[in-house]
Amino acid sequence: MRVSRSAIIAGNWKMHYGPAKAVSFASDIVPQLARILRHTVHVQCILCPPAISLSAVRAVLDVEQAPRLDLGAQNMYFEEQGAFTGELAPAMLHELCNTVILGHSERRMYFGETDESVNKKTQAALKHHLRPIVCIGENEQQHEAGQTKTIIQAQVKGSLSYLPASQVKNVVIAYEPIWAIGTGKAATAEGAQRVIQLIRELYAHLYGTEAAAALHILYGGSVTSANIDEFIAQPDIDGALVGGASIKADFVEIVHKTAKLVK
Ligand code: PGA
């Protein structure tokens, strides 16, 4: 991680913890996270519970008032409002949180999301002052076939084109190789660094070197407190999007280790 960029550790709770369980878990981890975050200005932490639990977790965060401890959603629709049953608009989310995960591979795989819809959502999020965490990554077959670079190039261009110049620095990208998600088989830190460096170069091509230098790029896929150090030690990796370990006490340990490393 470059010294000029802070580290971001985001926890994607996926479809775990309705309001009651979310309050109980958040009440447990938030005071511990707050203690860590009060001692460093270089780490930001984002909790992303299911949408139905956002206000419950918001209430816990409001009590603790920890600096750099934010709340994020896991998805949203790009329209402002209207007849879109079951969807959530950017402005609605912005009442509760400041971040939104977009284009997670599970959304692409099970709910038909495409680079085009992710691009529309990214633009809508920025317009409504939500920081998008845009997920990209190749699947196992593409990985084995040596197509990672081509796939990543297409996803960066497809998901991240036409962003307003004033807002391009506010995007966060999460590189999540699909074969590493939920498998316990994380990418090597060097392998992740190579792809993330490529993503930064592509972003520079789209939006200039200054925006690319400020861009936060996270690694995601089987991150735990046992491997976070290796990723944070890489020059282009600015933190992690954590799935499975984010709904356990290990999440606090991940943030703790990150804080020690970036001090
Ligand atoms: P994992 O998930 O940490 O459980 O591999 C990461 C993600 O899906 O964001």
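The values are calculated or read from the model by the stated rules, or taken from the named source; none is laboratory data. Just so you know, these numbers come straight off a predicted model, no measurement behind them. Cβ atoms come from the backbone with ideal geometry, glycine included; neighbour counts cover every protein chain shown.
Filtered by the rule that a residue be in contact (Cβ under 8 Å) with a residue 24 or more places away in the chain and not in a helix (DSSP H, G or I), segment 139-155 gives a lone residue, Asn139. Among residues of segment 229-254 that are under 15 Å from Gly191 (Cβ atoms) and among the aromatic types (Phe, Trp, Tyr), those with a Cβ under 7 angstrom from a residue that is within 10 Å of the ligand (Cβ to nearest atom) and modelled with pLDDT of 95 or more, sequence gap 6+ or separate chain, pair up as Phe231/Tyr219; Phe231/Val223; Phe231/Ala240. Tally time: how many residues in segment 183-196 are within 17 Å of the chain's Cα centre (by Cα) and away from the ligand (no atom under 16 Å from the Cβ)? Here the count works out to 1.
For the condition within 16 Å of the ligand (Cβ to nearest atom) and surrounded by fewer than 20 Cβ atoms within 10 Å (Cβ to Cβ), what is the one hit in Tyr110, Tyr77? The conditions single out Tyr110.
Summed over segment 236-252, the residues that are under 18 Å from the mean Cα position of the chain (by Cα) and either within 11 Å of the ligand (Cβ to nearest atom) or surrounded by fewer than 18 Cβ atoms within 10 Å (Cβ to Cβ) (or both) give a count of 11.
Scanning segment 51-69 for residues being touching a helix residue (DSSP H, G or I) at 6+ places or on another chain (Cβ under 6 Å), closer than 19 Å to Asn12 by Cβ and not hydrophobic (A, V, I, L, M, F, W, C) gives a total of 2. Out of Leu218, Leu206, one residue alone is modelled with pLDDT under 95 and closer than 26 Å to Gln155 by Cβ. It is Leu206.
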